[in-house]
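Below is one structure; the comments refer to it alone.
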Amino acid sequence: MSMPTIKQIRAYTVRGGGADYHDQGEGHWIDSQISTPMSKYPDYRMTRRSFGLNVLGTLVVEVEASDGTVGFAVTTAGEIGAFIVEKHLARFVEGQRVTDIEKIWDQMFHATLFYGRKGVVLNTISGVDLALWDLLGKIRDEPVHALLGGPVRDELQFYATGARPDLAKKMGFIGGKMPLKHGPAEGDTGLEKNIAQLAEMRESVGPDFWLMFDCWMSLDLDYATRLAQRGREYGLKWIEEALPPDDYWGYADLKKRVPPGMLVTTGEHEATRWGFRMLLEMGCCDIIQPDVGWCGGVTELLKISALADAHNTLVVPHGSSVYSYHFVVTRTNSPFSEFLMMAPQADEVVPMFNPLLLDEPVPENGRMRASSLDAPGFGVRLNPDSDLARPYTH
């Protein structure tokens, strides 16, 4: 049977939740006071929406094959990403066989080098790549994890990211990662408040439950070092993304300064094998956390993971729901997964990309059977009631 070709690629935008999970309504924990690189300015300290964290919105990419099969994926790139897909990347996708994913990725990346390399351009390339993998899985009537070599374990286990690790423990998760509230601009008073929060949560969850701090690129080396040293008393398992993404030298120093046994993790806002090569070769961290919707898609994540495996470094992708689950279940160096608690008060398990995706699986008692990922492609459908807009065509 001849392999279908790609007839058309289309790019849509949508607001409110979806892949741009920061685009939430009032009162959501994800928009509460969280330490950010903008926290040094009091006007932008109390909410992340105040400095524009939710401005991009979700990008939806559809790829239609010559036999009528449609693959799709979502990521954070909004109207900028839609423009890039329709006006630039489409030429490298349309007319190609649905199996030509590696060539398409290489052409998209090198054609955008002069204005890309990271950020929203790589988010966009990731969205196209994920849509191509979804399409190939549907053409072959196989889940993406089968295309990647098949599961290496029968189930996934999860830690929860959200404001209530105490509730996450009751829901069966193996750990809870809290957003750090106070950054360096709030001085020792803020540091003490962070430690008090950790101490209170440790008292609530007991000695064996993982507790971590997500610092979201907001600290300096001195503050991160003090936070890690103080956190040791309360069993802080890791300190995540403490420094700006490009401060590889700072991460290398931080890894040497943290207490023995405490992990340094980062990579959520890193992209491509070249960015992660810096983290790995400079000994910056114990766990890398690429987001498959931002780092270059599955095609690039496979290369990043191989690099990490050679450096004896774990790969635990940032959030991204089914797009990371299909990858994690096939990798021996990805022993657990992150689950973002997207309920406004982090008090129940809801699908990460709700309401944009249908059939999106969620953990039960902190676990997910590999068999729940056996539908073709990534196993999810685009909600037909979504208010999609196609701002550009080609």
Give the Cα extents of segment 147-375 along the principal axes, in whole Å, largest first. 51, 39, 30
What's the local net charge at Thr47, with K and R +1, D and E -1, over the other residues with C-beta under 10 Å away? +1
Compute the convex hull volume of the Cα atoms of the chain, divide it by the residue count, and report the result per residue in Å³ as a whole number. 129
Principal axis lengths of segment 305-383 from Cα atoms, whole Å, largest first? 39, 31, 20
Which distance in nm do the two modelled labels at Asp286 and Lys103 give, with both placed 7 Å along the Cα-to-Cβ direction? 4.5
Kindly write out, for segment 363-369 in residue order, the coupling ³J(HN,Hα) from the Karplus curve 6.51 cos²θ - 1.76 cosθ + 1.60 (θ = phi - 60°), rounded to whole Hz, with x marking Gly and Pro. x, 10, 6, x, 10, 9, 5
Note: Lys193 to Arg140 extended length (0.36 nm per residue) minus current alpha-carbon separation gives 13.7 nm
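Could the peptides 110-117, 368-375, 25-32 be put in order, highest first, of the mean number of other beta-carbon atoms found within 10 Å of their residues?
The most tightly packed comes first, giving 368-375, 25-32, 110-117.
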Using only the Cα atoms of segment 190-249, what do you get for the radius of gyration and for Dmax, in Å? 11.8, 36
Label-zone membership for segment 332-372, site Asp385, 7 angstrom Cα→C-beta point, backbone N under 11 Å: 355-356
When Rg is the radius of gyration of the Cα atoms in segment 172-287 and Rh is its Kirkwood radius, what does Rg/Rh come to? 0.96
Provide the FRET efficiency to the nearest 0.05 for the Leu113-Lys7 pair, computing r from the beta carbons and using R0 = 30 Å. 0.60
Taking a label point 7 Å from the Cα of Ala343 along the Cα→Cβ vector, which residues of segment 349-372 have an amide N closer than 12 Å to it? 349-351, 365
Can you give the % of DSSP beta bridges in the chain that are antiparallel, to the nearest 5? 50
At Asn312 and Gln96, where each label point lies 7 Å from the Cα along Cα→Cβ, what is the point-to-point distance in nanometres? 3.7
What does the convex hull of the Cα atoms come to per residue for segment 126-170, in Å³? 121
Segments 2-15, 290-303 sorted - mean Cβ within 10 Å per residue, highest first: 290-303, 2-15
Treating each Cα of segment 1-76 as an identical point scatterer and ignoring solvent, apply the Debye formula and state log10 I(q)/I(0) at q = 0.25, 0.26 Å⁻¹. -1.06, -1.10
Once you've got the Cα coordinates, tell me which of Lys181/Lys237; Lys177/Lys256; Lys40/Lys169 are over 28 Å apart. Lys40/Lys169
Scoring the chain by relative contact order with C-alpha pairs under 8 Å, at least six apart, yields a percentage of 21
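Throughout, read-outs are computed from the coordinates displayed, never taken from laboratory work. Computed from a predicted structure; not experimentally measured. Here Cβ is always computed from backbone atoms with ideal geometry, including for glycine, and neighbour counts include all displayed protein chains.
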